[in-house]
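To start, the structure itself, in structure tokens.
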Amino acid sequence: MRRLMALTLVAWMATGCGFFRKTLGISDSSPAHQEPLTTSIWGDWVLASSADSTAFAGAQRVELSLQPGTFRLQAFYPNGAFAVNGTAAVTEDGLLTLTPSSQTGELAGTWRALALRPGRPVAVLASAAGGSLVFSPDENAVRASSVWHRHDAAARAGTGGDTTPARPPR
């Protein structure tokens, strides 16, 4: 009986009851969840999704600078690059509308850039939290169409924050 009671006491202590945690000075200062520092979609982003599962198939890196009123998207491919500039607007519902105004670079005007033709708006749902930005085609989408990481966070993590392409768009 004493052995059973001793085992029960040891098991209870091992489960981390508050009394023994405080007595022994054991604490867990890191919360299980941390609130994001920002939920703003504005900033510099690097495509985190596989480029081959997006409109940028074959790209080595895709970067997006999204500022209130403007955007610049750059896609870097083994045989060249292109950049698209234009306007950005957000509705109250969180719908982001990108309206390209110009394309530059070696691949401007090719099939890769057709989805972002000047004057043709592209609308997506945009949602950000901390270092991630998610685009979805609509509110019923089960999967995001693309996921982006903040440029500075991607650079720190070594996941695409390099800004020295072999041939930048002109």
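Some observations on this one:
- Any hit, the range 60-72, residues being modelled with pLDDT of 90 or more, part of a strand (DSSP E or B) and among the hydroxyl-bearing types (Ser, Thr, Tyr): yes
- Verdict on PHE82 being closer than 23 Å to THR38 by Cβ, modelled with pLDDT of 85 or more and of a type outside the set (S, T, N, Q): no
To keep it simple, each residue is scored yes or no on (1) modelled with pLDDT under 85; (2) closer than 15 Å to ALA48 by Cα; (3) in the same structural domain as GLY58 (by TED's automatic domain parsing).
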residue	(1), (2), (3)
ALA88	no, no, yes
GLU92	yes, no, yes
THR97	no, no, yes
ALA113	yes, no, yes
LEU116	yes, no, yes
ARG120	no, no, yes
ASP138	yes, no, yes
ARG143	yes, yes, yes
PRO169	yes, no, no
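Conditions tested, residue by residue: (1) surrounded by fewer than 20 Cβ atoms within 10 Å (Cβ to Cβ); (2) of a type in the set (Ser, Thr, Tyr).
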{"site": "TRP45", "(1), (2)": "no, no"}
{"site": "SER53", "(1), (2)": "yes, yes"}
{"site": "GLN67", "(1), (2)": "yes, no"}
{"site": "LEU73", "(1), (2)": "no, no"}
{"site": "ALA81", "(1), (2)": "no, no"}
{"site": "ALA89", "(1), (2)": "yes, no"}
{"site": "LEU95", "(1), (2)": "yes, no"}
{"site": "PRO100", "(1), (2)": "no, no"}
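The values are calculated or read from the model by the stated rules, or taken from the named source; none is laboratory data. This structure is a prediction, so every number in the text was calculated from the model and none was measured. Don't worry about glycine lacking a Cβ; one is built from the backbone with ideal geometry, like all the others, and counts go over all protein chains shown.
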